[in-house]
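Below is one structure, written out as C-alpha cells, with a few remarks after it.
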Amino acid sequence: MEYTKQYKAFCKRLSIYRKLLDYNQLHMADVLGMTKPEYVNRESGRSLVSGKDIRKLSDTGADIDELLVDSHRKTSPHVISGMVREYDNNTVEYMKNILSDYIIYLCEKKKDNKNKAFINNVKLLKAMDKDSTADSMLKCIRDINKITDQQVISDSLGISRFKYSKIENNKEYPDAMVLIRLYELYGYVPSMYLKLYDIQLEIMDYIYDDLTQNEQKQIIDFIDNLKNFV
C-alpha cells in the first residue's frame, strides 16, 4: 500500500508527540517494546505502524484518534456507561443487551431527528445488537452498508481479502494505514476498531446525549426498574 499524505501527517504527529513526552527515540522504542532502529523506521514512515504498536502508544496516554487522523472521540458525560458499570461483571453484559434493545426501540419511534451522527450511531448500535456482528466493528460496518462480500471492503482498503478477514474476525488489529483509510471511508474514529474501550456502551452514551430530556428520563427509569430483576 502506498503511503498517503494522511499517513505521513500521522508520522509527523507521532514525532511531535514523542518530543512532547520529552523522550528521545531510544526511550520511545523501549516504552513500545522495540529496538531503536525499528522505532526510527516507524516514525520516519519507512515501516508501517502496526495495530499492536498503536495499542502500546495508547498505553502511554496518547490520544490515538488525534495521532492518526487529527480528530477526537466525541465528548460525553457517559451517563449510560456510568450507570451500567455500577453492576457486577456478571450482570453488565445482560444489562447492556437489554438496554440496547430499549434504546433502539425509543430511537425507532423518533421521526423528527435529522442529525446524521445520531442516525449513524443508531445504525451502529442496531448492528451491534445482532449476534453475527456484535463483536466486530468491521462486521457492523458491512451490515450497516449492506456489503455482503468482504472483497468489497478489502479492495477499498487496498489490502488482501485474507488480511481483511483476519482483522474483521479479531485475529489481527488493523494497522495505522488501514485505520486512517477506515476513518476516511466510514467516519468512525480509529480507536473504535482497537478494543480500547466498550464500543457498545460508548455508542449508547452518544445516543443518550442526543435525546430529549423526556427520552433520557425514560431510559434512566428503565435502568432503575431493571434493578428489580437483576
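Give me a count of the residues in the stretch 68-109 that are touching a residue at least 24 places away in the same chain (Cβ under 8 Å) and either more than 17 Å from PHE229 (Cα to Cα) or outside the structural domain of TYR197 (by TED's automatic domain parsing) (or both).
Selection size over the stretch 68-109: 17.
Criterion first (under 23 Å from LEU182 (Cβ atoms) and either over 23 Å from the mean Cα position of the chain (by Cα) or surrounded by fewer than 15 Cβ atoms within 10 Å (Cβ to Cβ) (or both)) does GLY45 satisfy it?
Against the criterion (under 23 Å from LEU182 (Cβ atoms) and either over 23 Å from the mean Cα position of the chain (by Cα) or surrounded by fewer than 15 Cβ atoms within 10 Å (Cβ to Cβ) (or both)), GLY45 qualifies.
Give the stretch 67-85 a look and list any residue that's out of contact with any helix residue (DSSP H, G or I) (no Cβ under 6 Å at 6 or more places or on another chain) and closer than 18 Å to THR4 by Cβ, or say none.
ASP70
Collect the residues in the stretch 35-50 that are in a helix (DSSP H, G or I), hydroxyl-bearing (Ser, Thr, Tyr) and free of Cβ contacts under 8 Å to residues at least 24 places away in the same chain, keeping them in residue-number order.
Once the filter is applied, which keeps residues that are in a helix (DSSP H, G or I), hydroxyl-bearing (Ser, Thr, Tyr) and free of Cβ contacts under 8 Å to residues at least 24 places away in the same chain, the stretch 35-50 yields only TYR39.
Before we move on, is LYS111 more than 30 Å from GLU43 (Cα to Cα), in a helix (DSSP H, G or I) and of a type outside the set (A, V, I, L, M, F, W, C)?
No.
Only one of these conditions is not met by LEU106: (1) touching an Asp or Glu at 6+ places or on another chain (Cβ under 9 Å); (2) in a loop (DSSP other than H, G, I, E, B). Which number is it?
(2)
Out of the stretch 162-172, which residues are surrounded by fewer than 19 Cβ atoms within 10 Å (Cβ to Cβ) and either under 20 Å from LYS195 (Cα atoms) or small (Gly, Ala, Ser) (or both)?
Matches in the stretch 162-172: LYS163, SER165, LYS166, ASN169, ASN170, LYS171, GLU172.
Only one of these is surrounded by 21 or more Cβ atoms within 10 Å (Cβ to Cβ) and either out of contact with any strand residue (DSSP E or B) (no Cβ under 6 Å at 6 or more places or on another chain) or modelled with pLDDT of 95 or more (or both): ILE153, ILE159. Name it.
Every option except ILE153 fails the conditions.
When you scan the stretch 209-228, do you find a residue that is in contact with a Ser or Thr (Cβ under 6 Å, 6 or more places away or on another chain), buried (at least 16 other Cβ atoms within 10 Å of the Cβ), assigned to a helix (DSSP H, G or I) and not assigned by TED's automatic domain parsing to the domain that holds ASP59, even just one?
Within the stretch 209-228 (the criterion being in contact with a Ser or Thr (Cβ under 6 Å, 6 or more places away or on another chain), buried (at least 16 other Cβ atoms within 10 Å of the Cβ), assigned to a helix (DSSP H, G or I) and not assigned by TED's automatic domain parsing to the domain that holds ASP59), the answer is yes, since at least one residue qualifies.
When the stretch 141-169 is examined, which residues are found to be assigned to a loop (DSSP other than H, G, I, E, B) and of a type in the set (A, V, I, L, M)?
ILE147, ILE159
Can you pull out every residue in the stretch 51-78 that is more than 14 Å from ALA29 (Cα to Cα) and not in a helix (DSSP H, G or I)?
Matches in the stretch 51-78: GLY61, ALA62, ASP63, ASP70, SER71, HIS72, ARG73, LYS74, THR75, SER76, PRO77, HIS78.
Here is a check on your reading of the model: is LEU99 over 18 Å from LEU196 (Cβ atoms), under 24 Å from the mean Cα position of the chain (by Cα) and not in a helix (DSSP H, G or I)?
Criteria not met by LEU99.
Here is a list: TYR208, TYR183. Which entry is among the hydroxyl-bearing types (Ser, Thr, Tyr), under 25 Å from TYR94 (Cβ atoms) and at pLDDT 95 or above?
TYR208
Considering only the stretch 93-122, how many residues are crowded, with 16+ Cβ neighbours inside 10 Å and of a type outside the set (Ser, Thr, Tyr)?
Of the residues in that region, 11 qualify.
Given the residues GLU184, GLU172, which is the only one that is part of a loop (DSSP other than H, G, I, E, B), farther than 22 Å from SER81 by Cβ and of a type outside the set (Val, Ile, Thr)?
Being part of a loop (DSSP other than H, G, I, E, B), farther than 22 Å from SER81 by Cβ and of a type outside the set (Val, Ile, Thr) holds for just one of GLU184, GLU172, which is GLU172.
The values are calculated or read from the model by the stated rules, or taken from the named source; none is laboratory data. Because the structure is a prediction, the values reported are computed rather than measured. With ideal geometry, Cβ positions are generated from the backbone for all residues, glycine too; neighbour counts draw on all protein chains shown.
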